[in-house]
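Shown next, in structure tokens, is the structure this report addresses.
The values are calculated or read from the model by the stated rules, or taken from the named source; none is laboratory data. Here the structure is a predicted model, which is why all the values come from computation and not from measurement. Note that each Cβ is placed from the backbone with ideal geometry, even for glycine, and that neighbours are counted across all protein chains shown. Accessible surface areas use protein heavy atoms only, side chains included; no ligands, DNA or RNA. Shrake-Rupley method; radii C 1.70, N 1.55, O 1.52, S 1.80 Å.
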Amino acid sequence: LFDITDRKKETEALQKAHETYRGILDSINDAIYIQDTDGTFLDVNKTVEKFYGYEKDEFLGKTPAFLSAPNKNDIDYVGACIQKAFAGTPQQFEFWGIRKDGSEFPKEVSVSKGDYFGKEVLIAVARDISERKRVIDEMLVQEHRLKEATGLFEALFDAIPDVIGLQDKNRQVLRYNAAGYSLLGITHEEIAGKKCYELMGRLNPCDICATSEVYATGNPALVEKYVPEMKKWFEARSYPLFDDNGNITMVVEHLRDITQQKHAEEEKTR
């Protein structure tokens, strides 16, 4: 007869330790891979199985090569990252995997040197970034569409032969279209901080100005303006622009040169 009580306790302790390790490893939502110095898988958690659709035993004894999506990864770069990680410098890189069903997906992988039951190993932690990629791609598409729309707006804005200007409530000019800059003989840089009447060589606002009326009423306005400095008549249509709270943010002023029309009307009355 041999007393094996201590041996049984040790066996039970080891079993409990293994179950605890396994439970912790499999409860992590990120994929965990443990590889030896040759890159061979020694262990993976449940998330890895979910990622790829393989059972754990199908990973063991293999390298990440069989999980690499064709023509999607720079294998030399990944290998260099692994070597640096084994040398003691943690690394991070992107890796495209291919599932058992043939579908491909991107992962963000962090690798670092570790210890696995007395063996020097590489511990890789991976996260599926498919959703992040999708959101980024959508943002890039939207940004591209916005640039196209902005370019189209700018082209249309500058193609309008009448003067279009944007003013704030202090009559400070925010911008003109090409016709506006041409009429005034100035550039966009020269309007900075200037009020509309200052750009026409006046010290005070025009006698007839719809901007104040638009801000006061919130309604569009139509007036005729004679600018003596230019010896021209203008038909000015002003429109308010509102923010989401219903506050007027700026006024769009549409100026049309009606000088010839006015002269024609004068001729008729003579």
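Taking the options Asp128, Asp162, name whichever one is within 30 Å of Lys46 (Cα to Cα), surrounded by 14 or more Cβ atoms within 10 Å (Cβ to Cβ) and of a type in the set (Asp, Glu).
Asp128
Filter segment 83-113 down to the residues that are open to solvent by 20 Å² or more (accessible area, probe 1.4 Å), within 18 Å of Asn45 (Cα to Cα) and either in a strand (DSSP E or B) or aliphatic (A, V, I, L, M) (or both) and list them by number.
Passing the criteria: Ile98, Glu108, Ser110, Ser112, Lys113.
Could you tell me which of the residues Leu25, Leu42 is over 37 Å from the mean Cα position of the chain (by Cα) and within 16 Å of Leu122 (Cα to Cα)? I'd like the intermediate steps shown before the answer.
Details: Leu25 fails: over 37 Å from the mean Cα position of the chain (by Cα).
Leu42 is the lone residue from the list that is over 37 Å from the mean Cα position of the chain (by Cα) and within 16 Å of Leu122 (Cα to Cα).
Need pairs with beta-carbon distance below 6 Å; first residue within 18 Å of Leu255 (Cα to Cα) and within segment 187-203, second open to solvent by 80 Å² or more (accessible area, probe 1.4 Å) and not in a helix (DSSP H, G or I); sequence gap 6+ or separate chains.
Correct list of pairs: Met200/Glu229; Gly201/Glu229.
Looking at Lys195, is it open to solvent by less than 60 Å² (accessible area, probe 1.4 Å) and basic (Lys, Arg)?
So Lys195 passes the test.
Is segment 25-47 home to any residue that is at pLDDT 90 or above and basic (Lys, Arg)?
Yes.
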